[in-house]
Every structure is written in C-alpha cells, then in structure tokens.
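Chemist: There's a structure below that I have some questions on.
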Amino acid sequence: MIVVTTPTGSIGHQVLGNVLDTAADSAETIRVIARDPSRLPPRVRERVEVVPGAHNDVDVLTKAFAGADSVFWLVPPNPHAASIQAHIVDFIRPLCEAINSEDVKRVVGVSSLGRGIAKKAGQISAIFAMDDLIESTGVSYRSLCMPGFMENMLWQVEPIKRQGMFSLPMSGDRKVPTCATRDIAAAAANLMLDGSWSGQASVPILGPEDLSHNDMAQIMSGVLGRPVRFRQVPAEAYKATLMQHGMTEAWAQGLIDMAAAVDQGLYSAQPRTPENSTPTSFRQWCEQVLKPAVQG
C-alpha cells in the first residue's frame, strides 16, 4: 500500500502520476489524501483509493495509513500562517501519531538542503523540525533535500512578461543549485516503489548545475527571444511587496531570512556528485515550462 499526500499539488501530483505509471501492471494499492477529491482527474480517481480530508487531521491520517507500507509526505506552504514553526508542527504531530498507531514502514518527505547548518533561515530552518519529529518515531525515512525549485520562477511571470525583469533580495552573482519539481517527484516515486530500503537518511537533489540569477536571466533571454535582466531589491522593500500581496509578516520575513541564508552560501555546503545531480537543466525547464507560461 502506497499513500500519497498533496495529490493535486505541484510536486504531489507528479509523484502520484509517476507511481501510477510505474505500478500500472502491478497489484500495488495506491491511496491518496485529498482535501478536495473533485480536483483529482477522473482517470486518477478510477485508479486510487481516496480518503477525503486534510492531512493534518489525525483521524484522516489514521484511516489513510491503515496497512500503509510507504507514505509520501509534504507540508504545504501557507503564506497566511501567523507562525511558520506552528504551521509545520501542526502537520507533523498528527503524522507522527498516525505513523506510530498504524505501524507505517517507510516515509519519504520533502525537506531542504542545509540541515545542521541553517541558522535563521526562515522556512528552511522550520522544515527541519519535520525531519527531527519524523525520525523520532523510528520509522524508516528518506528526507529529500533540495535547493530552490525552478518553478519558483513562475511567481515572476508577470514582471518577466511586462518588464523583462525578475527581482529578488539576493545577489545576482551568487551561484546556487536549483532543481525542477519533476526531478523531485521522480526521486520520491522511485523510493515509494522500492520496498528494500530501511533506516534514516538524506537524499540531496541538486539539479544538473549551479547558476547565478544573472546566469538565469541570460538563459531566459535566449529562450524567450528578448532581453530579461535580474534586479536585486532591498530586503525590506521585497518584504513590503509580499505583504501587499497578502502574506503575513511572519511568512514574508521567513522568505527574507531564507534568501539571506542562501545568499550567504547555505546551499553550497552539499558537494555535487553524479548521484545527486538530477537531469532537468534550467534551459530545458525554461523551454518547456517558463516560455509557455510567459507566452500564455
């Protein structure tokens, strides 16, 4: 039995799709937890067991985890949260209770690079509480450790389209890894379908290359066929813009702290290897995802 949370989310729906494709000819039972089951495509609803509800509800989790061998776990972001830490813990405590009561064998969780070294890194620091609490149950656990997602650039589609520019409170020259959600989903699905592993370990997912934001602007310019530039903006101005768009002060400050930690080299501590270098390049992602979004 495989259980997938966030089956309509940006990563979760790709995990589910990969699992369904790979397990199509097997007798593997696949179950999902969906707050709104109507958002699941009909072809998916026909092939999975659906447990309606939120995955921070212990009763929902207990029902979903009955007989579970593997669970894909992701804490969804909540820009309206009054506290980042409280938001994370609100999801993790019911998870841990259900893991113990239903004797779940394996969990694959979406975390971040920087565990053990992240200090005042906003959402990155908070997510490590998830890893600690899950591991405290003794369940076999794989923590997927990523840098920023390429898909985060989709937040900047309008200024790219209208002004030929994207902005962040970070240096334009700092080279950092970045990865596509499709590669995160592929790694998660492979682990979900592999019943041979045990114990607790981190799985870095670094994408194929380190790029600065100036590098990204140059690649975007080539793919889109028009100039795109990066602009570094002051942290307080960026925070004010986020709050004007409805984020709480806590969530906006967390993003500012996270950007500062990354700009100071947080992601550089993880050595790149062939095993943790995933295939989707930023150029490929721009051609297949960003360009259609900007043109649309």
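Bear in mind that the values in this text are calculations on the coordinates, not laboratory data. These numbers come from a predicted model, not from an experiment. When we count neighbours, we look across all protein chains shown, and the Cβ atoms used for this are built from the backbone with ideal geometry, even at glycine.
Chemist: So is Val89 among the β-branched types (Val, Ile, Thr) and surrounded by 22 or more Cβ atoms within 10 Å (Cβ to Cβ) or not?
Modeler: Taking the combined requirement at face value, the residue does not satisfy it.
Chemist: Taking the condition of being more than 15 Å from the chain's Cα centre (by Cα), assigned to a helix (DSSP H, G or I), farther than 20 Å from Val19 by Cβ and of a type outside the set (D, E, K, R), how many residues in segment 61-90 meet it?
Modeler: Qualifying residue count, segment 61-90: 6.
Chemist: What tally of residues in segment 251-277 results from selecting those that are over 26 Å from Ala187 (Cα atoms), crowded, with 18+ Cβ neighbours inside 10 Å and of a type in the set (Gly, Ala, Ser)?
Modeler: The qualifying residues number 2.
Chemist: In segment 230-247, what count of residues is obtained for those that are surrounded by 18 or more Cβ atoms within 10 Å (Cβ to Cβ) and not in a helix (DSSP H, G or I)?
Modeler: Going through segment 230-247 one residue at a time, the tally reaches 2.
Chemist: Does segment 129-141 contain at least one residue that is under 29 Å from Pro208 (Cβ atoms) and either of a type in the set (A, V, I, L, M) or assigned to a loop (DSSP other than H, G, I, E, B) (or both)?
Modeler: yes
Chemist: Taking segment 248-277 only, how many residues are in contact (Cβ under 8 Å) with a residue 12 or more places away in the chain and either assigned to a helix (DSSP H, G or I) or touching a strand residue (DSSP E or B) at 6+ places or on another chain (Cβ under 6 Å) (or both)?
Modeler: Residues that pass the stated criteria total 20.
Chemist: Within segment 92-122, restricting attention to residues that are among the basic types (Lys, Arg) and touching a strand residue (DSSP E or B) at 6+ places or on another chain (Cβ under 9 Å), which residue is surrounded by the fewest Cβ atoms within 10 Å (Cβ to Cβ)?
Modeler: Of segment 92-122, the ones among the basic types (Lys, Arg) are 93, 105-106, 115, 119-120.
Add one more test, that the residue is touching a strand residue (DSSP E or B) at 6+ places or on another chain (Cβ under 9 Å), and what stays is 105-106, 115.
Working: Lys105: 15, Arg106: 21, Arg115: 18.
Result: Lys105.
Chemist: So which residues in segment 207-228 are among the small types (Gly, Ala, Ser) and outside any loop (DSSP other than H, G, I, E, B)?
Modeler: Residues satisfying the conditions are Ala217, Ser221, Gly222.
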